[in-house]
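A short write-up of the structure that comes next.
The values are calculated or read from the model by the stated rules, or taken from the named source; none is laboratory data. The model shown is predicted, which means the values in this text are computed figures rather than measured ones. Cβ atoms come from the backbone with ideal geometry, glycine included; neighbour counts cover every protein chain shown.
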């Protein structure tokens, strides 16, 4: 397992098909994680729930799964969006 430390962050792509990776955040966050059973799978899951065409239109309103400061583990072949409301990034205004 590889570990990276970041005081603030907005996302993580684990394109490693076999190994989990970890990110350490100093503050709380909300996470939206996209995953599929395999890279050839037609169904994509968002935080464990299969996405439908109707749900895609509602992605911007999804709150994500809350997490406390500390290590976040990213399973192989996943994309996660990590939202940190208190990051105050100028580029996000």
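Considering only residues of the stretch 7-25 that are touching a strand residue (DSSP E or B) at 6+ places or on another chain (Cβ under 9 Å), assigned to a loop (DSSP other than H, G, I, E, B) and modelled with pLDDT of 85 or more, which is surrounded by the fewest Cβ atoms within 10 Å (Cβ to Cβ)? Within the stretch 7-25, the match that is surrounded by the fewest Cβ atoms within 10 Å (Cβ to Cβ) is 15. Contact map, the stretch 35-49: residues that are closer than 16 Å to residue 12 by Cα paired with residues that are at pLDDT below 85 and outside any loop (DSSP other than H, G, I, E, B), Cβ distance under 8 Å, separation 6+ or inter-chain. Pairs shown: 46/55; 46/59. For residue 4, the stated conditions hold: it is modelled with pLDDT under 80 and not in a loop (DSSP other than H, G, I, E, B).
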